[in-house]
Every structure is written in C-alpha cells, then in structure tokens.
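The values are calculated or read from the model by the stated rules, or taken from the named source; none is laboratory data. None of the values given here were measured: they were computed from a predicted structure. Neighbour counts run over all protein chains shown; Cβ positions are idealised from the backbone, glycine included.
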C-alpha cells in the first residue's frame, strides 16, 4: 500500500532508517526466537530505550515518543524492512499499559521503568490446561492471608518464562461469584518460592513455551492491580492490545517480499516458479488480503489517536493477520519443496548428515512454518474471535 508522506515524514523516515543502520546490534544470525539468548532478545530493546523510542504508544509522561500515526506506521515499516528483532510484547504492549492505566502510583513507579529500560523481563500467566480461549474458566486460586495472597494453580504455554523476572497472572479470588466477576490480576516475582517452570518443546524443536506451576506462592497484596475481582476488566484491556499487535502487517509485507525472491529462484519446468499462473495467483491473493488488513490497521491506529482503545476490530486484525502469516509460511514451504526436509530438530545431536544443505533462502522455512501454526491459537483462538465479532459487531 502506497502512502503519501509530507516532507517532515520523509525526514523522519530517513532519520529512522539511518538510526537502525548505525545502531541495530547484529549479534546473532539465528532465525528462531527459540534459539536466542535473553541478552540477544533484549539488546535492541535497550538501544531503543536509550533513544526513548522503545514504547512509542505509551503516554509521554511514561516515556512515550509522542509520534503521530504516520510516524508509528513508518517506524513499523522500517523495522520490518531492516528485519530487526521484534521487541518482546509482554512488558511493553501488554502489562505496561495495564499498569499505567489501572495501577496505582506506587505500582507505576516500581514497575514501569524496569519494563521500559528492559531491566525486568515479563511473562504472561493467562492460559491453563483447561482454560485457553475459554479463559474465564481458569482454576488458579488466590486466597487472601493477611497482607498477602496465597496462589495455587498451573499456567501453560507461558512464552519465554525460563527468562522471566516477573509474571502477570490471573487468579480466582471469589469461588462463589460468576466466572468473570471473581478474577483478580496479580504481578508475581518469578523468584518467589513455590514457582516451578517446566519446558515445552514445540514441533520446530525450540524451547519457547513452558508450563508454570504455582504451589502456595505468597504474593504481597500490594502486587494486585486495581480492585479485587475486577481482573477480567484489566485482562480484556490487555487482550485488546495483544490482538491488535498480532496483526503484524509490516512484517508480513517483508515476508511476502522474501517469498517472491524464493519463487523467483526456484524453478518449475525450467521456468521461475513465480511465473507459474497458479502459484502467482496464490501470492496475489495474499497481497490483496494484506493490503485490506493494512487499511483496517490504520483505521485502528487513527481511533487510538482519538483516545479510543482497541475494540472488536482488534479481533478482525488478529484473525486476518494470523491467517495471512500462516498462508505466507505455507507458500514458502511449497516454494522450497524438498529443501524443507533438510531440517531436523535433533539432527545435529544425532550426527545426521543424510541431507545436502539447500540454498540459503531455504534455511528456517520449515521451522517457521511449524512455529507459525500457533498464531491462530494464541491470544484467543480465531474461532473465539469470530464469536466476539458476531456478538460485538453484528449483534448476534
């Protein structure tokens, strides 16, 4: 999608492009977040924190950049163009906005600087073995004991919890009230006795997600956000921000560009694959859907600039964004063909040299395809998002 930029916007784009080129820490060539170290993933965050560019969407009093919608659009485009490491959303886009919107002054002073500067790593304690998209049915319990809560339960699919300093966690505080009216929102120090993190190895062979067990974990009452039993309100606010961010339009545009390069290199009956009518049609369909999604994302950003929080349109962004991401990885897998079989998550340990390495553009394609199967599930499954749209938009 082409946008008309003012001279000021073009100057800003040049400034961003130059800054990334001169300051992006190229400390790793890995393509998988599951293979990166904690320092790898925080290096770019810390560079941007020093520049005061790490949280453009935050209020100015908490370090926000004050950028216009167009500048935020340019920023996302340039980061995608340079293929920078995506910033972790758990602090910046999820719990950070909850704290500065619903937290008290002491909580803001205690937690926001660490989130902003990348000094404290957060993970998300939402999903449970029996409560994923049906999050309100969660079983983790928090019982008040003097000036503390005692929390017991289990969380699952907890992304990068093995590195986390803190977890924002939903727990039931009133077993007799309705499901949505009995949940509270807690900030939990991961060093607290009674917390155990167990790895879940995903189908691409990476350790990215975990199970987290909470056994009589003692949490200070001052670490509860807002009011007791009002956590569902804060949880929905957080999910709206998460689902908007999942759309990933700029990164998908870069992925389409990479897909076209692959299809231009791979041959079908002696001709570049991209010249095949059927494969070309598939790419065109993705690009059309991506352009429509971009317009929807820009409308959402415009609404946010007028003080409107993300509404049901965030579910649309989540559905279409993740579907497009999956289709791009499917087409890339189709394009590289047999080279996809080169990947074996345990091949290195087993000394497996059965396959000849493929061209550089085939590296990571199979892993990326496997990893992206999760996108239509996390953040509230796409089926649940369809129900939200039916109720909130169509009134069904």
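Among the residues making up region 283-307, those that are over 18 Å from residue 249 (Cα atoms) and out of contact with any helix residue (DSSP H, G or I) (no Cβ under 6 Å at 6 or more places or on another chain) are 306, 307.
Looking at residue 320, is it touching a strand residue (DSSP E or B) at 6+ places or on another chain (Cβ under 9 Å), within 30 Å of residue 69 (Cα to Cα) and modelled with pLDDT of 85 or more? Even if it seems obvious, please write down each step before you answer.
Numbers: touching a strand residue (DSSP E or B) at 6+ places or on another chain (Cβ under 9 Å): no; within 30 Å of residue 69 (Cα to Cα): yes; modelled with pLDDT of 85 or more: yes.
When the stated conditions are applied, residue 320 does not pass them.
So that you can scan it fast, the table gives a plain yes or no per residue for (1) assigned by TED's automatic domain parsing to the domain that holds residue 190; (2) touching a residue at least 24 places away in the same chain (Cβ under 8 Å); (3) part of a loop (DSSP other than H, G, I, E, B); (4) within 27 Å of residue 224 (Cβ to Cβ):
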{"residue": "40", "(1), (2), (3), (4)": "no, yes, no, no"}
{"residue": "47", "(1), (2), (3), (4)": "no, yes, no, no"}
{"residue": "56", "(1), (2), (3), (4)": "no, no, yes, no"}
{"residue": "66", "(1), (2), (3), (4)": "no, no, yes, no"}
{"residue": "93", "(1), (2), (3), (4)": "no, yes, no, yes"}
{"residue": "100", "(1), (2), (3), (4)": "no, yes, no, yes"}
{"residue": "107", "(1), (2), (3), (4)": "no, yes, no, yes"}
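Can you find a residue in region 178-191 that is part of a loop (DSSP other than H, G, I, E, B), touching a helix residue (DSSP H, G or I) at 6+ places or on another chain (Cβ under 8 Å) and closer than 24 Å to residue 228 by Cα?
yes
Within region 113-135, restricting attention to residues that are surrounded by fewer than 20 Cβ atoms within 10 Å (Cβ to Cβ) and in contact with a strand residue (DSSP E or B) (Cβ under 7 Å, 6 or more places away or on another chain), the residue that is modelled with the highest pLDDT is 120. Note on region 192-208: among residues that are touching a helix residue (DSSP H, G or I) at 6+ places or on another chain (Cβ under 8 Å) and at pLDDT 95 or above, the one that is surrounded by the most Cβ atoms within 10 Å (Cβ to Cβ) is 197. Is there a residue being surrounded by 15 or more Cβ atoms within 10 Å (Cβ to Cβ), touching a strand residue (DSSP E or B) at 6+ places or on another chain (Cβ under 8 Å) and not in a loop (DSSP other than H, G, I, E, B) anywhere in region 69-91? Yes, the conditions are met somewhere in region 69-91. Taking region 81-111 as the range and being under 19 Å from the mean Cα position of the chain (by Cα) and within 19 Å of residue 223 (Cβ to Cβ) as the test, the residues that pass are 90, 91, 94, 95, 96, 97, 98, 99.
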